[in-house]
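> I'd like to ask some things about the structure below.
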Amino acid sequence: MKLKVLKFGGTSVGSKEAIIRSASIISKWSKKYKVVAVLSAMSGETDRLINLTKLFSKNPNPYDYDNAISSGENVSCSLMSIYLNSIKIKSKSLMSWQIPIFTSDEHMKSRILKVDKNKIFKEFNNSDVLLIPGFQGINSKNEITTLGRGGSDTSAVAVAASLDAECIIYTDVEGVFTTDPNLVKNAKKISQISYEEMLELASQGAKVLQTRSVELAMRKKTKLSVRSSIKPNSSGTVVTEENSKLENNTVSGIAYSKDEAKITLSRVLDKPGVSSKIFSPLAKGNINVDMILQNVSQDGKYANLSFTLPRNDLEKALKILKKEKSKIGYKRINSSNNISKISVIGVGMRSHAGVAQTLFETLGKNKINIQVITTSEIKISILIDEKFTDLAVQKLHKAYKLHI
Ligand code: ADP
Ligand code: ASP
Ligand code: MG
């Protein structure tokens, strides 16, 4: 049985016209393949559902919250199946509990553990296209869980990996670009990108693919590409193993994230064990800390410690740290969320110098102050005032000549 897994994001199923347009892509593939189409909710729907839950509680309980916010995907799958059947393509929508797609137990940030492919194969006896809702699964208690924003990409890759099929992500841009094409008009489409670079781009904010989807594709060696549902014949981007052709670029892309927050603890004792008292309770609370900066005070006894985390987790983190105040022993706690992170990424950085210098010069010339810097082998990230995000990305894109 020849199989393809296609994923359609929110804008690709966001209206009657979009569903019909995406259905024609499914229809074409279904002439030669059995197709699993993993769908997102119609664009704006997940936000609408989240806002509805917030009408009733600032802190909705995770079980009911996931039941509510996962429902958008079920609707788009049902609508797509109704339409496909109406044009005589044998289709069926399958809810995640029917397959099932098994996830870890926690809600809202759950991880896919296993996709049971037997049910999918069985359903293909009677259907040519199966519509599967992205962004969700069921846990060991038979409860609906969700995978975090943008999670349908991960659902699609997980289904593709379990079926050993190629995964094509159809979205509202023509592929992966050197930076967000909606921010920099002359951003260039990248025809091939390594899993590793894509992983950095995604994890640093390029939301065209959810980070976990790239992680999973890399681990399972799933064939993955990104294409436009509006211009399905344009070539898109193939995510692949690193090769010599890719290594020529020093910098391949720039990502930005406005979903950041910073916490500063002042006058923390500068002695062994203190960091662990700060970061262990945060890790237990499932909060991912990203950049960390420590300034030692003049007397050498105390330090100020700043770190960044996802903006969504700020309230939770503050609550945890305030509770632990006496154990940690800091004087004050401050936080800000008007910051953003810019990351310059490229496998060629391993062997080329001068990338950081260009970054400092460009931001200096544009009077943009750098608050925190972190580097890895193939990435430099900086934290800046959020209001300079667009300017910084545009100037850096030009400085690294990514438009050429
Ligand atoms: P979907 O609803 O199809 O999942 P998303 O909105 O999640 O789509 O992701 C596509 C968006 O990602 C694009 O519209 C674009 O604005 C944004 N984006 C950010 N960085 C990049 C990049 N480097 N290349 C392509 N798109 C990017
Ligand atoms: N509908 C979910 C979201 O908006 C999942 C997805 O679209 O990937 O985050
Ligand atoms: Mg998305």
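The values are calculated or read from the model by the stated rules, or taken from the named source; none is laboratory data. Nothing here was measured: the structure is a model prediction, and the numbers come from that model. Cβ placement follows ideal geometry from the backbone for every residue including glycine, while neighbour counts extend to all protein chains displayed. Each accessible area value is taken on the protein alone, full model and side chains, heavy atoms only, with ligands, DNA and RNA left out. Shrake-Rupley method; radii C 1.70, N 1.55, O 1.52, S 1.80 Å.
> Just for helices (runs of 4 or more DSSP H) wholly inside region 249-330: which have at least 3 residues that are hydrophobic (A, V, I, L, M, F, W, C)?
Working: elements: 274-284, 314-323, 325-328.
By residue number, 274-284, 314-323.
> Of everything in region 33-49, what is within 14 Å of ligand 2 (Cβ to nearest atom) and either open to solvent by less than 40 Å² (accessible area, probe 1.4 Å) or farther than 23 Å from Ser91 by Cα (or both)? Give them in sequence order. Walk me through how you get there before you give the answer.
Within region 33-49, the first condition is being within 14 Å of ligand 2 (Cβ to nearest atom), and the residues that meet it are 37-49.
Answer for region 33-49, where residues must be within 14 Å of ligand 2 (Cβ to nearest atom) and either open to solvent by less than 40 Å² (accessible area, probe 1.4 Å) or farther than 23 Å from Ser91 by Cα (or both): Ala37, Val38, Leu39, Ser40, Ala41, Gly44, Glu45, Thr46, Asp47, Arg48, Leu49.
> Then there's this: From Ser127, Ser76, grab the single residue that is open to solvent by less than 30 Å² (accessible area, probe 1.4 Å), under 24 Å from Ile25 (Cβ atoms) and assigned to a helix (DSSP H, G or I).
Ser76
> Say whether the condition of being closer than 30 Å to Glu315 by Cα, surrounded by fewer than 17 Cβ atoms within 10 Å (Cβ to Cβ) and either without any contact (Cβ under 8 Å) to a residue 24 or more places away in the chain or more than 16 Å from ligand 3 (Cβ to nearest atom) (or both) is met by at least one residue in region 22-29.
As a first pass, look at region 22-29 and keep what is closer than 30 Å to Glu315 by Cα: none.
So far as region 22-29 goes, no, none of its residues is closer than 30 Å to Glu315 by Cα, surrounded by fewer than 17 Cβ atoms within 10 Å (Cβ to Cβ) and either without any contact (Cβ under 8 Å) to a residue 24 or more places away in the chain or more than 16 Å from ligand 3 (Cβ to nearest atom) (or both).
> From Ala165, Ala160, grab the single residue that is over 23 Å from Gly44 (Cα atoms), in contact with a Cys (Cβ under 6 Å, 6 or more places away or on another chain), more than 15 Å from ligand 1 (Cβ to nearest atom) and touching a residue at least 24 places away in the same chain (Cβ under 8 Å). Walk me through it before giving the result.
Details: Ala165 fails: in contact with a Cys (Cβ under 6 Å, 6 or more places away or on another chain).
Of the residues listed, the single one that is over 23 Å from Gly44 (Cα atoms), in contact with a Cys (Cβ under 6 Å, 6 or more places away or on another chain), more than 15 Å from ligand 1 (Cβ to nearest atom) and touching a residue at least 24 places away in the same chain (Cβ under 8 Å) is Ala160.
> Give the residues of region 57-109 that are of a type in the set (D, E, K, R) and within 16 Å of ligand 2 (Cβ to nearest atom), sorted by residue number.
Taking region 57-109 and keeping what is of a type in the set (D, E, K, R), we get 58, 64, 66, 73, 88, 90, 92, 105-106, 109.
Residues satisfying the conditions are Asp66, Glu73, Lys109.
> I'd like to check something: does region 86-104 contain any residue that is open to solvent by less than 60 Å² (accessible area, probe 1.4 Å), farther than 23 Å from Thr171 by Cβ and touching a Phe, Trp or Tyr at 6+ places or on another chain (Cβ under 7 Å)?
Scanning region 86-104 turns up no residue that is open to solvent by less than 60 Å² (accessible area, probe 1.4 Å), farther than 23 Å from Thr171 by Cβ and touching a Phe, Trp or Tyr at 6+ places or on another chain (Cβ under 7 Å).
Table: residues versus (1) open to solvent by 30 Å² or more (accessible area, probe 1.4 Å); (2) more than 16 Å from ligand 2 (Cβ to nearest atom); (3) out of contact with any Phe, Trp or Tyr (no Cβ under 7 Å at 6 or more places or on another chain); (4) at pLDDT 95 or above.
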site	(1), (2), (3), (4)
Gly150	yes, no, yes, yes
Asp153	no, no, yes, yes
Val159	no, no, yes, yes
Cys167	no, no, yes, yes
Val173	no, no, yes, yes
Thr179	no, yes, yes, yes
